[in-house]
Amino acid sequence: MRLYKAGNYNEMSRMAANIISAQVIIKPASVLGLATGGTPLGTYKQLIEWYKKGDIDFSEVTSINLDEYIGLSNAHRQSYHYFMHENFFNHININPNNIHLPDGTANDLEKACIDYDALINDTGGIDLQLLGIGTDGHIGFNEPGPAFEPTTHVVSLTESTIKSNTRFFSSEENVPKKAITVGIRTIMQAKKILLIVNGNNKADILKEALYGCITPALPASILQLHPDFTVIGDEEAFSKL
Ligand code: GLP
């Protein structure tokens, strides 16, 4: 486990973008595991800036997103499809055929989960997985529970996640209660994992995740076992370490 402390959110974002761009420069056909939420926004912004300057080429990259709400159309402003296109894909030269997110609108969700795992397998696996962490310790939408779920699955979001994500919706009732997420095995099989964390509200859970017991009650704790795991946080997030 490698920890890098950044002074603030912008510095954290720039450091994360540096690692992602190095990955793409070294292996242009990289498979990037991508995350949503407020945390990676600055990282995507920085990558877009470097792309526009001509410093990175995403034309051979494949992206695999972690998760998607169930029941929101791709055009819904709070869907992760929309988020990723609006905040990243629309601004870079990634091939649209190489963009993948779970299908939260599928009639047969079980099949959609199996298909997503097969697709990830077909890409040859994720080279670099970017992660944020939820205040309850979730990664992707792998919520605290009795066991680590290995594969892509449907999940009921916890009260705490619904509350945290209410800030993006007009009211708590409008936050979807279910989502599709890749499983813990898929995340752990990524060759490299990059966790980014900012803000005081993540300080306790980050400490618990990195130095506490490895338990499905805190899904991010399993990252301690990954052989190539990097954490970049701002001063506030690292304040309890
Ligand atoms: C969301 C996403 C996660 C994300 C987390 C933290 O619900 N499913 O992938 O890492 O919650 O979000 P934020 O970065 O906004 O704190």
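The values are calculated or read from the model by the stated rules, or taken from the named source; none is laboratory data. In this text the structure is predicted, and so the values were computed from the model without any measurement. Positions of Cβ are backbone-derived with ideal geometry, glycine not excepted, and every protein chain shown enters the neighbour counts. Only protein heavy atoms, including side chains, enter the accessible area calculation; ligands, DNA and RNA are left aside. Shrake-Rupley method; radii C 1.70, N 1.55, O 1.52, S 1.80 Å.
Observations
- Criterion (in a helix (DSSP H, G or I), among the hydrophobic types (A, V, I, L, M, F, W, C) and in contact (Cβ under 8 Å) with a residue 40 or more places away in the chain) met by exactly one of ILE180, ILE196, ILE205, ILE232: ILE205
- So ILE114, is it β-branched (Val, Ile, Thr) and farther than 28 Å from SER13 by Cβ: yes
- Subset of region 60-106 that is among the acidic types (Asp, Glu) and in a loop (DSSP other than H, G, I, E, B) - its residue that is farthest from LEU131 (Cα to Cα): GLU60
- Selected residue (criterion: farthest from the chain's Cα centre (by Cα)) from residues of region 120-149 that are more than 15 Å from the ligand (Cβ to nearest atom) and open to solvent by 50 Å² or more (accessible area, probe 1.4 Å): PRO146
- Counted residues, region 161-174 - those being within 10 Å of the ligand (Cβ to nearest atom) and free of Cβ contacts under 8 Å to residues at least 60 places away in the same chain: 5
- Counted residues, region 30-48 - those being in a helix (DSSP H, G or I), away from the ligand (no atom under 14 Å from the Cβ) and touching a Ser or Thr at 6+ places or on another chain (Cβ under 6 Å): 1
- Residue list for region 152-179, restricted to those being touching a Leu at 6+ places or on another chain (Cβ under 7 Å) and either under 22 Å from ASP228 (Cα atoms) or open to solvent by less than 30 Å² (accessible area, probe 1.4 Å) (or both): PRO176, ALA179
- Matching residues, region 50-59, being part of a loop (DSSP other than H, G, I, E, B), open to solvent by less than 60 Å² (accessible area, probe 1.4 Å) and in contact with a helix residue (DSSP H, G or I) (Cβ under 8 Å, 6 or more places away or on another chain): ILE56, PHE58
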